[in-house]
Ligand code: PMP
């Protein structure tokens, strides 16, 4: 007899496992294109100069508890960053927010909050394909989760997308990727977002914007926040935003994010925020301070903020350069495949369109690691390995 007889083995998360295997690989020449983390030109993690400057400013901070909803300056500044300082939703005090444990924690808080507000009979719709964690985050708080077809090999599958919006029961929840869809790399255009918005409004659906890549997608934060602002400001919808600073400030391990709800009135926002405080209190009591202090120190200082905007441009332009180089190398080699997509897709990822066997071959023969779906994280490429990667892909598929 054991109290744990009912507990069965859960296989480890595939992408974290891939990082572990990569780290244990002793080969002199190896390339990690698995996990979506930015790396510099030498393949090393990049501590953003803006973050270095911010850390210098906060180094004398004490270690007291933060308030339950998080560091107040962080919440104000992060909310302004997402919606725009002069936005109506902020002026009218219609945004309820709390600090969260990065993007994942923000999605969890959003799910828990919506379970309180809506109850179990609502369905959460996620894109197919999507980030591997979406389903279990929303199932874990008790929602049923369904997928809708999101992408084709050449772009967003608008027909299926709009059809799913039209067919879902009113008040269903839809998880949208605010920018740089993971894993497909295809985003709706502003015009397409407008079409999506009008159906969401008409059919009274609730959108959650998963915003893990704002700023990194185009290099311009405001531009990447288009869909969020369009839904909240232009067409006046109630929405949730789950924001992460993992990628945009390189604060992966600090677990710093924001969960924000836009509601119709200020009174409703106050009620939502009070509920968020209760949810945080019983789950973690209050959030960790370090990451929040860094983000606030970046955003509140004109010079450090300007430096950060340059750092975003550096990251997104290096990613764009690597997309171009891999495209050129594969095209020069005459490697069979549709490589144009490397140039057309947005964000950190590209699905190469290889079979699982080819992916395994690249790993076993050439020590090149990528997700089984052949999704590669572009920042794992640099000038010294991109030719090697292209040649190995060529050898594998030709
Ligand atoms: N959403 C998506 C689509 C992501 O790709 C990620 C990061 N891989 C996240 C959310 C959240 O990541 P984190 O919890 O590290 O902020």
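Among the residues making up the range 230-253, those that are closer than 30 Å to residue 53 by Cβ and either more than 15 Å from the chain's Cα centre (by Cα) or more than 10 Å from the ligand (Cβ to nearest atom) (or both) are 241, 249, 250. Among the residues of the range 100-121, are any in contact with a helix residue (DSSP H, G or I) (Cβ under 9 Å, 6 or more places away or on another chain) and part of a strand (DSSP E or B)? Yes, because at least one residue in the range 100-121 is in contact with a helix residue (DSSP H, G or I) (Cβ under 9 Å, 6 or more places away or on another chain) and part of a strand (DSSP E or B). Total residues in the range 62-99 satisfying the condition of being within 16 Å of the ligand (Cβ to nearest atom), outside any loop (DSSP other than H, G, I, E, B) and within 17 Å of residue 300 (Cα to Cα): the figure is 5. The set of residues from the range 227-238 being without any contact (Cβ under 8 Å) to a residue 40 or more places away in the chain, surrounded by fewer than 23 Cβ atoms within 10 Å (Cβ to Cβ) and not in a loop (DSSP other than H, G, I, E, B) comprises just one member, 234. So, of the residues in the range 20-61 that are over 21 Å from residue 317 (Cβ atoms), under 26 Å from the mean Cα position of the chain (by Cα) and without any contact (Cβ under 8 Å) to a residue 40 or more places away in the chain, which turns out to be farthest from the ligand (Cβ to nearest atom)? This residue is 23.
For the range 143-154, the condition holds for no residue, the condition being that it is at pLDDT 95 or above, in contact with a helix residue (DSSP H, G or I) (Cβ under 6 Å, 6 or more places away or on another chain), surrounded by fewer than 18 Cβ atoms within 10 Å (Cβ to Cβ) and assigned to a loop (DSSP other than H, G, I, E, B). Considering 184, 218, the condition of being outside any helix (DSSP H, G or I), within 16 Å of the ligand (Cβ to nearest atom) and under 30 Å from residue 376 (Cα atoms) is satisfied by 184 alone.
If only residues of the range 291-308 that are in a helix (DSSP H, G or I) and surrounded by fewer than 16 Cβ atoms within 10 Å (Cβ to Cβ) are counted, the one that is nearest to the chain's Cα centre (by Cα) is 306. Scanning the range 182-193 for residues that are under 18 Å from residue 229 (Cβ atoms) and surrounded by 15 or more Cβ atoms within 10 Å (Cβ to Cβ) turns up 187, 188, 192, 193. If you go through the range 122-141 and keep only what is out of contact with any strand residue (DSSP E or B) (no Cβ under 6 Å at 6 or more places or on another chain), surrounded by fewer than 17 Cβ atoms within 10 Å (Cβ to Cβ) and not in a loop (DSSP other than H, G, I, E, B), you end up with 136, 140.
Answer yes or no: is there a residue in the range 157-178 that is within 15 Å of the ligand (Cβ to nearest atom), surrounded by 24 or more Cβ atoms within 10 Å (Cβ to Cβ), over 22 Å from residue 371 (Cβ atoms) and in contact (Cβ under 8 Å) with a residue 60 or more places away in the chain. No, the conditions are met nowhere in the range 157-178.
The values are calculated or read from the model by the stated rules, or taken from the named source; none is laboratory data. In this text, all values refer to a predicted model and were calculated from it rather than measured experimentally. A quick note on method: Cβ atoms are made from the backbone with ideal geometry, for glycine too, and the neighbour counts reach across all protein chains shown.
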